[in-house]
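Just below is one structure, and these are the notes that go with it.
Only the coordinates and a few stated rules stand behind these numbers; no lab work does. Just so we're clear, the structure is a prediction, and the values are computed from it rather than from any experiment.
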Amino acid sequence: SCDEGTRIFERVLATRLQHVVVSTRNFQARLEHEKLFSVGAIALPSAATQLHARPELSSEFKAPESPTQTAVAGIWQNSLGIGDVGIDDDFFELGGDSLLATQVISRIREELGVSLPMPSFFNHPTLADVADSIDTVRWATKAQAGSAQTSPATGEEQRETFEL
């Protein structure tokens, strides 16, 4: 909020520090993920205080219901540094940006084995929408694998392609 930003700015000006970092996300996780700085040289909060409370959002908190939603919530929590992420929460309203979205898509690919197209993530940025996209890609992949046919003349697989 604007008041919170003003209070933080005033606190920063009141210190005699030469360098100050103000982060809306889990700063230590971001440093470790980006490997931009030596974590040992910076005083960071303890592991017990790494996740922040869910901010005021336009949507009420609704807990993840499916395994895919739970997995995506975990990825978002770690990436955004927020303790409770609900299925109707918008990634960008939670503080995410395009760089972080790219990193989240990479983690989804690594941890869940699904490659989401970037436009899909931007056009449907709620946790439920992202989980539905993952489930759709999984279903489509299974359907394609099950319907792959071998051409008798060439021995090559023929697949039907479609866009999500």
Alpha-carbon radius of gyration plus Dmax, which is the widest Cα pair, for the range 73-128 in Å = 10.2, 26
10 Å binning of all Cα-Cα separations within the range 60-104, expressed as whole percents from 0 upward = 30, 59, 11
Gain in span if fully extended, ASP90 to LEU57, counting 0.36 nm per residue against the direct Cα distance | 11.0 nm
